[in-house]
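Worksheet: the structure to be examined is printed underneath.
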Amino acid sequence: EEVVVERLGEFPEDTAIVVVCADGERSAKLAARLREEGQQAASIEGGMKAWEGESLPMQPRDHDEFKGPDYKAPGG
């Protein structure tokens, strides 16, 4: 949690942040902390366990463009 808060300056301004963990508990706390810091933040209720339990995709489909965690937006 502290690492993310310390690095908030690296997040683009006016961009919503979605955090996720296995069961949704840690990510809910982190999202609340980020909101306290003035960020637009949310977490996925129930975490990845709930996501997978709903049979939602765990990986991008072959025809979806996946930018990945190191993606830099054009001009950014």
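See the values below:
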read-out: Additional length obtainable on full extension of the chain from Met48 to Arg26, 0.36 nm per residue less Cα span; value: 6.7 nm
read-out: Test item: Cα-centred dipole of segment 23-64, Lys/Arg +1 and Asp/Glu -1 on Cβ, debye; value: 180
read-out: Peptides 4-13, 29-38 ordered by average Cβ neighbours within 10 Å, highest first; value: 29-38, 4-13
read-out: Difference of contour (0.36 nm per residue) and Cα-Cα distance, Arg61 to Val5; value: 17.0 nm
read-out: Val20 - accessible surface, heavy atoms, 1.4 Å probe, Å² rounded to 10; value: 70
read-out: Built amide H within the under 5 Å cut-off of Ile17, gap 5+; value: Gln40, Ala41, Ala42
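The values are calculated or read from the model by the stated rules, or taken from the named source; none is laboratory data. Because the structure is a prediction, the values reported are computed rather than measured. Here the Cβ is made from the backbone with ideal geometry for all residues, glycine too, and neighbour counts use every protein chain on show. SASA here: full protein model, heavy atoms, side chains in, ligands and nucleic acids out. Shrake-Rupley method; radii C 1.70, N 1.55, O 1.52, S 1.80 Å.
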